[in-house]
Structure formats: C-alpha cells, structure tokens
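Only one structure is covered here, and it is reproduced in the block below.
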Amino acid sequence: MASLMGTKIVVVGGSSGIGLGVAAAALAHGAELVIVGRSQDKLLKAQHILGTDGRVKTVTADMTHEGEIATAFAGIGAFDHLVSTAGALPPGSPIGETDADETRLFIDSKFVGAVLLAKHAARRLNRGGSMTFTSGINKDKPPVPGGAVVSAVAGSFSYFARALALELAPSRVNIVSPGWVDTPMFDELVGDAKAGYFEAMAARLPIGRIASPADIASAYIHAMESDFTTGETLHIDGGQRLI
Ligand SMILES: NC(=O)c1ccc[n+]([C@@H]2O[C@H](COP(=O)([O-])OP(=O)(O)OC[C@H]3O[C@@H](n4cnc5c(N)ncnc54)[C@H](OP(=O)(O)O)[C@@H]3O)[C@@H](O)[C@H]2O)c1
C-alpha cells in the first residue's frame, strides 16, 4: 500500500457531499488537497470546514467546459491522485417522456466531464498516481420506471476504467460505486421526502443504516492507496445490491 502522506490530491466535487468526505479523509491521511467545483462560495465554505492550515487549495472550474479544465490543471501542475465525484442530478423520466436536451446535459456533466478530466489529468499525474471516478447503485438497481439513462451512464464507468487502466498504465484508474448516501444531492433530489426514503431503505439494508460521506470516502482512500488495484469498480453500498 502506498501512503498518501505528503501526496497532492485533486478532488473534483470536493466542495460537497461524497467529495467533501473524500477530502476530509485524505487530509487525515496527510495529503495536500485541491478541491474543484463550479461555485466559489461552496468551495470556500468547504475549505473552512476542512480547516485552514494551508493544505487545502480551491480551484473554480466547470468540468463540462474543456477550456476551464485545461486552465485549472495548468494552474495545479503535477499531482498524485485525481478523484471526481462531480455530476448533475440524475434525470428520472420514464423512457416515453425522455427529454433529449436533459439527457444530453446529464451525459455531458457526468460522463463527458470525466473524459475531459482524464484527458487533462493524465499528462500531469506523477508516477504511481491514480484516477478514481464515481458511478452508483443506479446501474445495479435502477429506479423503475425512469432509471434507464442514469443506469446506462453509471454502468459505462466500469468499462471506461477498464480501458483507461490499460491505456494509462502504470497509472491506475478505478471507479467507486456508492449506494444511497446522505448528501446535499439527495436533498435536492427528493426534498422533504428524504427522511421517509432513508428510514425505509435503512430498514432493508443488511448494514441497517444509510451511509454518510465518511463511510464512502474509505473506498476512495483504498483506491488511491492500493497500488495493486486498477480497472476495478469498488462497490460500497451497505449491501444495497443484494436486496
Ligand atoms: N448521494 C448519493 O446517494 C449518491 C449515490 C450514488 C452515486 N452518487 C454519485 O456521487 C456523485 C457525488 O454525489 P454527491 O451526493 O456527493 O453530490 P453533491 O453533494 O451534490 O456534490 C457534487 C459536487 O460536484 C460538484 N460539481 C457538480 N457538477 C460539476 C461540474 N460540472 N464541474 C465541477 N464540479 C461539479 C459540486 O460543486 P458545484 O455545484 O459548485 O459545481 C459538488 O462539489 C454524483 O455523481 C452522484 O451521481 C451519489
């Protein structure tokens, strides 16, 4: 296992939810962080939460805009690990009501964004480095009806990582696939209904509770530290795929 002590880690999506949990865990492992997102306000709030000992820098960029990503990575310089948890809210329309623009926007934000991150990160990754992207439980247990697009996009990440792990070797490329996690995205998705959804799901999960971002962060830490893990999808879902 490679130590994260003193490494430089870029977390795209590090201002909220799972990404913020990854940033906190990586800091605790002695890393230096660059957190990236679109909202400067959210980034500064996250920097404050994470602590101000100078180990957390912020960069504002939208990963769907290649120019912004190119500028961001040029400013960041060489680094050791890329984590991305960024992505738009998943669309939920049944196939008969699918909106083409909404679908393109989702694929752009979730998948094309990851492709652009990989493109611009690859040339700056130090030897022994890794990239970890995020998919999710929807590929294994899509909500029915309305889950086809998000399921297909999430599923594509596993194949993306397998191919990229070969193309970019010896740099490693992995995917973390979380089950439901208590984050601002979930609030945005279901609003006041969240408590009811979480109570019902927790009662069914073998683990018996909904994950916090800290629960999920451990999988990203493993993906970065384990120098024998590549092309892999790490499921961390409290057994949600089994129910
Ligand atoms: N929460 C869950 O239950 C769950 C379950 C399975 C999978 N996931 C997946 O896990 C990922 C993270 O989810 P989360 O719940 O942690 O979401 P979250 O709390 O909404 O955080 C998303 C982060 O991504 C950033 N971001 C979004 N779009 C971006 C863009 N175009 N460019 C740069 N940064 C961008 C956001 O900052 P800005 O808004 O400032 O850009 C924010 O920092 C998502 O892709 C989601 O699909 C979540």
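The values are calculated or read from the model by the stated rules, or taken from the named source; none is laboratory data. Remember, it's a predicted structure, so these values are computed and weren't measured experimentally. Reconstructed Cβ throughout: ideal geometry from the backbone, glycine too, with neighbour counts over all protein chains shown.
Any residue at all in region 69-84 that is part of a loop (DSSP other than H, G, I, E, B), more than 8 Å from the ligand (Cβ to nearest atom), more than 17 Å from the chain's Cα centre (by Cα) and among the β-branched types (Val, Ile, Thr)?
We begin by selecting, within region 69-84, every residue part of a loop (DSSP other than H, G, I, E, B); these are 77-78.
Applying the additional criterion that residues be more than 8 Å from the ligand (Cβ to nearest atom) yields 77-78.
Now drop any that are not more than 17 Å from the chain's Cα centre (by Cα), which leaves 77-78.
If we keep only those that are among the β-branched types (Val, Ile, Thr) as well, we get none.
No - not one qualifying residue is present in region 69-84.
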| request: Mind counting the residues in region 51-91 that are closer than 23 Å to His222 by Cβ, among the hydrophobic types (A, V, I, L, M, F, W, C) and surrounded by 21 or more Cβ atoms within 10 Å (Cβ to Cβ)? | output: 4
| task | Taking only region 92-139 into account, find how many residues are assigned to a loop (DSSP other than H, G, I, E, B), at negative phi and buried (at least 19 other Cβ atoms within 10 Å of the Cβ). | result | 1
| query | Got a sec? Which of Phe160, Phe198, Phe228 is within 11 Å of the ligand (Cβ to nearest atom) and among the aromatic types (Phe, Trp, Tyr)? | reply | Phe198
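Quick check on my filter: what residues within region 53-78 are hydrophobic (A, V, I, L, M, F, W, C) and closer than 13 Å to Gly14 by Cβ? Spell out how you get there, then give the answer.
So in region 53-78, the residues hydrophobic (A, V, I, L, M, F, W, C) come out as 56, 59, 61, 63, 69-70, 72-74, 76, 78.
Correct list: Val56, Val59, Ala61, Met63, Ala72, Ile76.
What are the residues in region 141-161 that are over 17 Å from the mean Cα position of the chain (by Cα) and not hydrophobic (A, V, I, L, M, F, W, C), if any?
Within region 141-161, the first condition is being over 17 Å from the mean Cα position of the chain (by Cα), and the residues that meet it are 141-149.
Lys141, Pro142, Pro143, Pro145, Gly146, Gly147 - these are the residues of region 141-161 that are over 17 Å from the mean Cα position of the chain (by Cα) and not hydrophobic (A, V, I, L, M, F, W, C).
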| Pair list, Cβ under 6 Å, 6 or more apart: region 125-149 residue closer than 30 Å to Gly6 by Cβ, other residue among the charged types (D, E, K, R) and assigned to a strand (DSSP E or B) | Asn126/Asp80; Gly129/Asp80; Ser130/Arg172
| said: Of the conditions (1) in contact with a Ser or Thr (Cβ under 8 Å, 6 or more places away or on another chain); (2) within 8 Å of the ligand (Cβ to nearest atom); (3) in contact (Cβ under 8 Å) with a residue 60 or more places away in the chain, Val22 satisfies every one except a single condition; which number is it? | reply: (2)
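Quick one: would you say Asp53 is closer than 22 Å to Arg172 by Cβ and charged (D, E, K, R)? So that I can check it myself, show each step before the final result.
Values: closer than 22 Å to Arg172 by Cβ: no; charged (D, E, K, R): yes.
It is false that Asp53 is closer than 22 Å to Arg172 by Cβ and charged (D, E, K, R).
Matching residues to (1) under 11 Å from Thr64 (Cβ atoms); (2) among the polar types (S, T, N, Q):
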position: Ala74; (1), (2): no, no
position: Phe79; (1), (2): no, no
position: Leu82; (1), (2): no, no
position: Gly87; (1), (2): yes, no
position: Pro91; (1), (2): no, no
position: Pro94; (1), (2): no, no
position: Ala100; (1), (2): no, no
position: Ser109; (1), (2): yes, yes
position: Gly113; (1), (2): yes, no
| query | So which of Arg162, Arg172, Arg204 ends up being crowded, with 18+ Cβ neighbours inside 10 Å, at pLDDT 95 or above and charged (D, E, K, R)? | reply | Arg172
| Among (1) in contact with a Leu (Cβ under 7 Å, 6 or more places away or on another chain); (2) surrounded by fewer than 21 Cβ atoms within 10 Å (Cβ to Cβ), where does Phe198 come up short? | (1)
| task | Output the number of the condition that Gly30 fails; it satisfies all remaining conditions of (1) touching a residue at least 60 places away in the same chain (Cβ under 8 Å); (2) more than 13 Å from the ligand (Cβ to nearest atom); (3) assigned to a loop (DSSP other than H, G, I, E, B). | result | (1)
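Hey, can you tell me all the residues within region 140-160 that are outside any helix (DSSP H, G or I) and touching a Gly at 6+ places or on another chain (Cβ under 6 Å)?
Kept after step one, since they are outside any helix (DSSP H, G or I), are these residues of region 140-160: 140-147.
Of everything in region 140-160, just one residue is outside any helix (DSSP H, G or I) and touching a Gly at 6+ places or on another chain (Cβ under 6 Å), namely Gly146.
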